[in-house]
């Protein structure tokens, strides 16, 4: 089911980008990719609060989509990242295709000593984008956003460089952008701590076969931590891969 949902959202976003390129924008044209990006709502929040208007290239639809994304996060944490985000899906697909072509298990796992501190970079990126956007009063991030470059058709040299770097990183390390740099992922990550739905592990029945760890696209290898980890994208790959039914599951936990 997740594969179908992911493919559907990739198709929808690709269609939006292609339509805008073919028909053009303006009152009689097709809406741009920017109008459907939830992060555009975050970037425009300060402008809305201080001037009552959205930033150029964004639309009130950005806020609506952002609110829907946050509402989903309140219920299921980073569900958006694991099921909906087209850029995350493309990263998963590229890694799997490379594995099939090479016959080797790719992408690789980042060494833990580097991985753990690097995970906090997405929060630094988020803060930098918000501060720069408030200072400039425009979508500073739009020119370099790899997601936008891939799906909007509006390409800049710097944007292509960033997209290329992220593409290489994602081929080597699974979901490189999601783990280390995605500003929207940083926003949604905190919801994993408060969402009532948790991925639970019956440690007493666990076979310690580590199949769950090997299939996790976010490389969360500490089983007890997985329940509340801010990195969990609720893809449920761990649940599907577990050879013993009932050991791993998604459960409603209102307390603790």
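The listed residues are 28, 50, 58, and the only one of them that is loosely packed, with under 13 Cβ neighbours inside 10 Å and either outside the structural domain of residue 90 (by TED's automatic domain parsing) or not in a helix (DSSP H, G or I) (or both) turns out to be 28. When residue 69 is tested against (1) on the phi < 0 side of the Ramachandran plot; (2) at pLDDT below 95, just one condition goes unmet, and that condition is (2).
Return the residues of the stretch 144-159 that are part of a helix (DSSP H, G or I) and under 22 Å from residue 81 (Cα atoms); say none if nothing qualifies.
Going through the stretch 144-159, the residues part of a helix (DSSP H, G or I) turn out to be 146-152, 157-159.
Scanning the stretch 144-159 gives 146, 147, 148, 149, 150, 151, 152, 159.
Return a yes/no flag: does the stretch 177-187 have any residue that is in a helix (DSSP H, G or I), in the same structural domain as residue 37 (by TED's automatic domain parsing) and out of contact with any helix residue (DSSP H, G or I) (no Cβ under 8 Å at 6 or more places or on another chain). Within the stretch 177-187 (the criterion being in a helix (DSSP H, G or I), in the same structural domain as residue 37 (by TED's automatic domain parsing) and out of contact with any helix residue (DSSP H, G or I) (no Cβ under 8 Å at 6 or more places or on another chain)), the answer is no, since none of the residues qualifies.
Answer yes or no as to whether residue 14 is touching a residue at least 12 places away in the same chain (Cβ under 8 Å), over 25 Å from the mean Cα position of the chain (by Cα) and either within 27 Å of residue 136 (Cα to Cα) or surrounded by 12 or more Cβ atoms within 10 Å (Cβ to Cβ) (or both). Lay out the reasoning, then the answer.
Working: touching a residue at least 12 places away in the same chain (Cβ under 8 Å): yes; over 25 Å from the mean Cα position of the chain (by Cα): no; either within 27 Å of residue 136 (Cα to Cα) or surrounded by 12 or more Cβ atoms within 10 Å (Cβ to Cβ) (or both): yes.
In short, no.
The combined condition, being surrounded by fewer than 18 Cβ atoms within 10 Å (Cβ to Cβ) and touching a helix residue (DSSP H, G or I) at 6+ places or on another chain (Cβ under 9 Å), is fulfilled by residue 67. Residues in the stretch 67-91 that are more than 10 Å from residue 233 (Cβ to Cβ) and not in a helix (DSSP H, G or I): 0 in all.
Residues of the stretch 193-201 include none that is surrounded by 13 or more Cβ atoms within 10 Å (Cβ to Cβ) and part of a helix (DSSP H, G or I).
Report those helices (runs of 4 or more DSSP H) wholly inside the stretch 210-256 carrying at least 2 residues which are farther than 15 Å from residue 179 by Cβ and at pLDDT 70 or above.
On the way: elements: 211-215, 223-226, 237-241.
Ranges flagged: 211-215, 237-241.
Looking at 73, 113, 142, just one residue is out of contact with any strand residue (DSSP E or B) (no Cβ under 7 Å at 6 or more places or on another chain) and surrounded by fewer than 17 Cβ atoms within 10 Å (Cβ to Cβ), and that residue is 113.
With respect to residue 126, is the statement that it is over 17 Å from residue 184 (Cβ atoms), assigned to a helix (DSSP H, G or I) and in contact (Cβ under 8 Å) with a residue 40 or more places away in the chain true?
no
The single residue among 98, 118 that is at pLDDT below 85 and surrounded by 15 or more Cβ atoms within 10 Å (Cβ to Cβ) turns out to be 98.
Search the stretch 31-47 for residues being assigned to a helix (DSSP H, G or I) and within 16 Å of the chain's Cα centre (by Cα), and hand back the single one that is farthest from residue 10 (Cα to Cα). Let's see the steps before the verdict.
So the first thing to find is which residues in the stretch 31-47 are assigned to a helix (DSSP H, G or I), and the list is 33-36, 38-47.
With within 16 Å of the chain's Cα centre (by Cα) added as a condition, the list becomes 36, 38-42.
Details: 36: 13, 38: 15, 39: 17, 40: 18, 41: 20, 42: 22 Å.
My answer is 42.
Any idea which of 134, 162 is touching a residue at least 60 places away in the same chain (Cβ under 8 Å) and in a helix (DSSP H, G or I)?
Values: 162 fails: touching a residue at least 60 places away in the same chain (Cβ under 8 Å).
Of the residues listed, the single one that is touching a residue at least 60 places away in the same chain (Cβ under 8 Å) and in a helix (DSSP H, G or I) is 134.
Filtered by the rule that a residue be at negative phi, touching a helix residue (DSSP H, G or I) at 6+ places or on another chain (Cβ under 6 Å) and not in a helix (DSSP H, G or I), the stretch 165-176 gives a lone residue, 174.
The values are calculated or read from the model by the stated rules, or taken from the named source; none is laboratory data. As the structure is a computational prediction, the values presented were derived from the model and not from experiment. Heads up, the Cβs are rebuilt from the backbone with ideal geometry, glycines too, and the neighbour counts pull from every protein chain shown.
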